[in-house]
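Take a look at the structure set out below.
Derivation of every value follows stated rules applied to the coordinates shown; laboratory data play no part. Predicted model, so just to flag it, every value in this text is computed and none were measured. A quick note on method: Cβ atoms are made from the backbone with ideal geometry, for glycine too, and the neighbour counts reach across all protein chains shown.
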Amino acid sequence: MGLNIPFKLQYITPDGETLNLVNGRRSMVFDMTGWGAGKQEFMTTHSPFQHGNTVTNVRMQERKIRFTLRTNGGCRDMYWAIRRNLIDAARVSRTDYDYPEPGELRLIYLEDGERKYRSVKGFFTRGMVYDNPNAWDEFSIQEDMEFTAYDPIIFDPNKHVLTNSDSSPSNVFDINYVGTWDTGPDIEILGPFTDVSIYNVDTGYFVYVVYTVPSYETLVVSLSGAEKEIYLKESNISLISYITPSSSLMNVNFRPAPQANNGRNRFVFGFTSGSPTYSFTWHDRYQGI
């Protein structure tokens, strides 16, 4: 009979290896904090003779997830193997020291009988000191761990994909977004086509690329990361200079309810000529859980 584990905690290295921090037998996590709403910083201004301040903006601050990790080795050989595996998974030297890639801390749990997956990306910034255990607990490891997510927004690691091959030059469709924080899609458009626009009807923001893409090329409009990109996938040529001045790369995204009515985001995909096939890929994102 298997052990019923109320949640699982995993660390996925930048190169894709998975370390189970909770496995129900030899490893467990307790006293975990940091998955809530997160720390916010409000930007304010005020005019002469104004009482108090006017809030002009808000920015989420880095998120720190802290927990105690306990593992039982059972013997001296296993104790050293556990130590090695933890350090090997968490070490920053898995990627380049200049602009190192973050790993992913993933929480898997049940909510109303449904399995949920929630992740943040970052680095282990405390733990794995390995103080000597007591004599009665000689082959165990108990560490106070800290994982810092410099991008504090939580996301569902399972992607959504919407694909459309409607050949009409102005295609309208809805995306019902269930996250609680806006998310930018990654869009791939297979040629041939001339010029393309991606317009969010509800916000008024759009991206308009003035370029002719042949049948053997794919235009990528990547809006999910902090740095927005527009390029040809096969030839790896940047087309960022081919967007119109009125395009808004930072704001073409999916808005959560109630910013969008019940999370419905209406888009218009248009092009001047051709027969493109396009796909939208995105992750649901959350301020906290």
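Quantify how much of the Cα-Cα distance distribution of the stretch 146-219 extends past 21 Å, in percent. When all Cα pairs of the stretch 146-219 are counted, 43 percent exceed 21 Å.
Proximity of backbone amide H atoms, modeled 1.01 Å from N, is registered between Ser140 and Gly73 at under 5 Å, excluding neighbours fewer than 5 places apart on the same chain. Here the dipole of the chain is about 620 debye; that uses its Cα centre as origin and unit charges on the Cβ of Lys and Arg (positive) and Asp and Glu (negative).
Comparing Thr244, Ile189, Tyr177 along the charge dipole axis of the stretch 160-286, the residue lying farthest to the positive side is Tyr177, per the Cβ-charge model. Sorting His46, His283, His160, His51 by the number of Cβ atoms found within 10 Å of their own Cβ, with the fewest placed first, yields His51, His46, His160, His283. With N counted as the residues of the stretch 7-155, its alpha-carbon radius of gyration over 2.2 N^0.38 Å works out to 1.31.
3J(HN,Hα) couplings calculated from phi for the stretch 118-125 with the Karplus curve 6.51 cos²θ - 1.76 cosθ + 1.60 (θ = phi - 60°) are, in sequence order, 9, 9, 9, 10, x, 9, 6, 10 Hz; Gly and Pro show x.
Loop-resident GluC sites (Glu not before Pro) (DSSP state other than H, G, I, E or B) in the stretch 224-289 with no more than 12 further Cβ atoms inside 10 Å of their Cβ: Glu227, Glu234.
Quick check on the stretch 160-286: what does the Kirkwood estimate of hydrodynamic radius come out to from the alpha carbon pairs, in Å? Result for the stretch 160-286 stands at 14.5 Å. Over all Cα atoms in the chain, the spread is summed up by Rg and Dmax: 23.4, 76 Å.
Residue-wise HN-Hα couplings along the stretch 218-233, as the Karplus relation 6.51 cos²θ - 1.76 cosθ + 1.60 with θ = phi - 60° gives them from phi, are 10, 8, 10, 10, 9, 10, 7, x, 5, 9, 7, 9, 9, 7, 8, 5 Hz; Gly and Pro carry x. The 3J(HN,Hα) values that the Karplus relation (6.51, -1.76, 1.60; θ = phi - 60°) gives for the stretch 84-99 are, in residue order, 4, 5, 5, 5, 5, 5, 8, 5, 6, 6, 5, 10, 5, 5, 7, 6 Hz. Gly and Pro appear as x.
Split the chain at each of the chymotrypsin sites (Phe, Trp or Tyr not before Pro) in a DSSP loop with at most 15 other beta carbon atoms within 10 Å, and the longest piece is 131-215.
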